[in-house]
Amino acid sequence: MYTPTRSKYNSPVGGDRFIPTRSLMDMDFARSAFSNWTPAKKPKEEEHFNPTPKDEYRRKIEEHFNVDSEGKPRRMLVFRTSSACKRKLSFIDELQVESPTTPTKPVNPVRHVTTHSDLILDAPNLRDSDCLKLMDWGRENILAIALGLSVYLYSIDSRKTELLLESDNYDDYPSSLAWSHDGRTLAVGFSTSRIEVWDAVRVQLVGVVEAHGGRVGSLCWNGHILSSGGSDGLIINHDVRSNGRMVSRLRAHSGELCGLRWSEDNVRLASGANDCLVNVWDQRCMQQCSKYLYQFRDHTAPVRALAWCPFKSHTLATGGGPSDGSIKIWNTSNGNCVTTADTGSQVCALEWNKHKKEILSAHGSGENLITLRSYPSLRKIVDLRGHKARVLHFSQSPDGSTVASASADETIRFWKVFGLPPCPSKGGDESIFSLKRMHIR
């Protein structure tokens, strides 16, 4: 066998000491030395040594990442269509169990989305109207519902029903309900423009306000301020501490108001009406100026479904009527429409999940569905079926786990669709909007 002699150059004369020139190298000698090299054998005392968990982990890494299933060297950075890039989940699970250096990562629990209602109540004489708000769930876990000429209080804890009031005039019926933030005071609007304020604990009338020129179909609270929307297109803010004194009066819409909601931070008020418009008002400017902050004209049907996002106070969801059927997400900081989705059916009500990035929508005409959607994509997650007519109203439980739906089929159904709030982890506060596996049953 031919053995090349060493180069006559024994020192890097004339070359750079950091980057030697190729002329100073004997490439024939380097190739020969590399081809005749063999790895050193392990000493006999190491051939039968007991491997530690760390050694076993290193062996598995070398075995699975350097050699494929056919014993060939594994190629790195291969295309996804190649079989060489497919990893076995069993191997990864095995590494997580056996490796002493790999920290165990907590697995997110499975959330079960129940598609059937847990409780059904009869609701005879529930009015089928787009401009009324006839149900509200208070902080004291009491559901207020207006049926015909009467208003009832249903205790979720005791499962008992109590009559709060009853009108003796067929043309003077309850047309809207709204609990105060503490769940102890209930405001009731009537078709004859009257608003009554009731102490629900003592079942006693504490005040009466008359300000609108027609029926009061929308009510909502902002602390001690009670906001009302009527068929006259007005929004009136009343201070209940001073016998309902008018604080501000807004010429809001040219048609009857269908929806009225304050934002979670009580700074902005959203209104929807039969004129197909959505107006957003700033509480800090209502007394000095009756001009809206933004006006959204994208809907092509009356807007009654309004819902403010609980984790982004400037985000508003709106739903259009029968000839519209769209859900739109608005950024009320700049007035832009962020997302829109065509549902193919009237959107009667919207309700956000307080614990996860989800929104629930109620629909009419067709299948009368309740649909759970992801946010911000508005992609459908699951449909809830059961109502035989359009779903008119939504109201959420104080803990945010359950939603009550009232339908024109004269039933109220309770859905545990949102689930209980997640418990904080021991290692620190975990985001309530982390990705979770979902099981639909």
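The values are calculated or read from the model by the stated rules, or taken from the named source; none is laboratory data. Quick caveat: nothing in here was measured; it's all calculated off a predicted structure. So basically every Cβ, Gly included, is an ideal-geometry build from the backbone, and we count neighbours across all protein chains shown. Just the protein is used for accessible areas: all its heavy atoms, side chains included, with ligands, DNA and RNA removed. Shrake-Rupley method; radii C 1.70, N 1.55, O 1.52, S 1.80 Å.
Remarks
- Applying both filters, DSSP loop and at most 13 other Cβ atoms within 10 Å, to the trypsin sites (Lys or Arg not before Pro) of the range 175-229 gives Arg202.
- Taking all protein chains into account, the per residue accessible area for the range 147-294 stands at 43 Å² (1.4 Å probe).
- Here the Karplus relation 6.51 cos²θ - 1.76 cosθ + 1.60, evaluated at θ = phi - 60°, turns the backbone of the range 193-203 into coupling constants of 6, 8, 10, 10, 10, 10, 7, 6, 6, 8, 6 Hz, with x for every Gly and Pro.
- For the range 147-152, the Karplus equation 6.51 cos²θ - 1.76 cosθ + 1.60, evaluated at θ = phi - 60°, returns couplings of 10, x, 9, 10, 10, 10 Hz by residue, with Gly and Pro reported as x.
- For the range 138-195, the fraction of alpha-carbon pairs in successive 5 Å shells from zero, as %: 4, 20, 29, 23, 15, 7, 2
- Amide H contacts for Ser248 (H built 1.01 Å from N in the peptide plane; partners 5 or more residues away or on another chain; cut-off under 5 Å): Asn237.
- Extension gain from Arg241 to Val206, taking 0.36 nm per residue of separation minus the Cα-Cα distance: 11.5 nm
- Cβ-defined net charge surrounding Asp275, 15 Å radius [Lys, Arg +1; Asp, Glu -1]: -2
- A simple spin-label model places pseudo-atoms 7 Å from Cα toward Cβ; at Lys388 and Arg58 they are separated by 7.4 nm.
- Vicinal HN-Hα couplings computed from phi for the range 401-406 (Karplus, 6.51 cos²θ - 1.76 cosθ + 1.60; Hz; Gly/Pro x): 8, 10, 10, 9, 10, 10
- One decimal place: the segment Ile381-Cys289 gains 28.9 nm when fully extended, by the rule 0.36 nm per residue minus the C-alpha distance.
- For Trp352, the amide hydrogen comes within under 5 Å of the amide hydrogens of Leu360, counting only partners 5 or more places away or on other chains and with H modelled in the peptide plane.
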